[in-house]
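Everything below concerns the one structure shown next.
The values are calculated or read from the model by the stated rules, or taken from the named source; none is laboratory data. As the structure is a computational prediction, the values presented were derived from the model and not from experiment. Neighbour counts run over all protein chains shown; Cβ positions are idealised from the backbone, glycine included.
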Amino acid sequence: MKYILHILVCFSYLTSNIGHAQSPQNDGYEWKLLPIPILFFTPETSLGYGGMLVTSYQKAGLPVSNLRVIVSSTLKDQFATNLHLDHNIGNRDYRIELKLNYRVYPLKFFGIGPNSSFEDGENYTPEIFEAWLYGEKKIIDNTYLSAGYYIDRYTLKKTKTDGIIQNRNIQGDEGGMTSGLRLAMSYDNRDRRYASKSGLLAELQLFSFLKETGSDFKYNQYNFNLKYFYSPTNTGTLATQTLITSMEGEASFRLLAGFGGFKIMRGYYFKRYRDMKAISQQAEWRQHLYKDFGATVFAGIGQVNNVFSSALLDDMKTNYGVGLRYTVDQKNRYNLRADFGFTPESGFKPAVYVAVFEAF
């Protein structure tokens, strides 16, 4: 705990001395350049460090657009670089989203299904390139239709010779390409995209990965994501999220539906549980404390299986935790967070997460 508080104090000092460079508005936009030093900590990475450069631009009264570039490394020899463009046209009449990721990230794989054993966890190292390109159009107020393309290509640089991946005929044990089309429809009336305080996001996504789209893995994937935010007081917000994923076909073990990590079911290792079907729910209370500081309490439930049946609701996995917050940018609500997640599986020893942006 003392170590995490030291990170927060150092980060708050660094960011308090960063200038928010703004250009004149002669092009109709207000531009802001925000360099952010990154210190993060998760069970999967140990201590990580790097930098993020956020370029935001906005016309008066219209939604903000931004370009984020992140480069990071960790004490576990993990490296990642990420570019994310979120460009709004008009009053979000159209939106273009582009993501490019490259990472070499040693992780653990525990097997597939709801009864996989924590003791079976084995190390593997994938080298991954990912790309998303989506275009979105407003249909009516707060309702959007989007289409795009997704690519994930990876090779396995290292696996356990006598482990699960090599000895159990796991789909994707030799790497490969997942490539296909994405369609989505969403309703979104949140007040802000990040650290929302009010509103609802309901999104239904369809991915289709076929031989014709260059994919080595042939399957369809359906995602339903529901987020709700309500602030009964000026200083407190209730945030909830429900995630349901269903996959039909043959998907790589890396991309199977599941939970665990710094975004969903905090306290469990990243993708601790994975299978063709997954459901998870989490709720969080976010409380402002003083100036740029805040705190949270959260809890969640989740389960995976290979079919949708009553078994998916049996023996639900649980988590809960507490967190601290420091707001780097008040206008856009960019938060640094430190979360402490607990699960029955870990003997209620906390998994610690220090990251930028809220979990959802």
TODO: Could you run through region 130-148 and say how many residues are surrounded by 16 or more Cβ atoms within 10 Å (Cβ to Cβ), over 30 Å from Gly111 (Cβ atoms) and either in contact with a Leu (Cβ under 8 Å, 6 or more places away or on another chain) or hydroxyl-bearing (Ser, Thr, Tyr) (or both)?
DONE: 6
Task: Checking Ile140 against (1) more than 23 Å from Tyr219 (Cβ to Cβ); (2) within 20 Å of the chain's Cα centre (by Cα); (3) among the β-branched types (Val, Ile, Thr), the condition it does not meet - done: (2)
Open item on the list: Based on this model, can you work out whether Gly51 counts as among the small types (Gly, Ala, Ser), at pLDDT 95 or above and either touching a Cys at 6+ places or on another chain (Cβ under 7 Å) or not in a loop (DSSP other than H, G, I, E, B) (or both)?
Closed with: no
Task: Filtered residue count, region 241-273, keeping only those that are buried (at least 16 other Cβ atoms within 10 Å of the Cβ) and either outside any loop (DSSP other than H, G, I, E, B) or β-branched (Val, Ile, Thr) (or both) - done: 16
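Listed here are the residues, each with its yes/no results for (1) outside any strand (DSSP E or B); (2) at positive phi; (3) more than 17 Å from the chain's Cα centre (by Cα); (4) surrounded by 15 or more Cβ atoms within 10 Å (Cβ to Cβ).
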site: Asp77; (1), (2), (3), (4): yes, yes, yes, no
site: Thr81; (1), (2), (3), (4): no, no, no, no
site: Leu85; (1), (2), (3), (4): no, no, no, yes
site: Arg103; (1), (2), (3), (4): no, no, no, yes
site: Lys108; (1), (2), (3), (4): no, no, yes, yes
site: Ile112; (1), (2), (3), (4): yes, no, yes, yes
site: Glu127; (1), (2), (3), (4): no, no, yes, yes
- [ ] Would you check if there is a residue in region 332-341 being under 22 Å from the mean Cα position of the chain (by Cα), closer than 26 Å to Leu33 by Cα and outside any strand (DSSP E or B)?
- [x] yes
TODO: Report yes if some residue within region 172-193 is among the aliphatic types (A, V, I, L, M), assigned to a loop (DSSP other than H, G, I, E, B) and touching a strand residue (DSSP E or B) at 6+ places or on another chain (Cβ under 9 Å); otherwise report no.
DONE: no
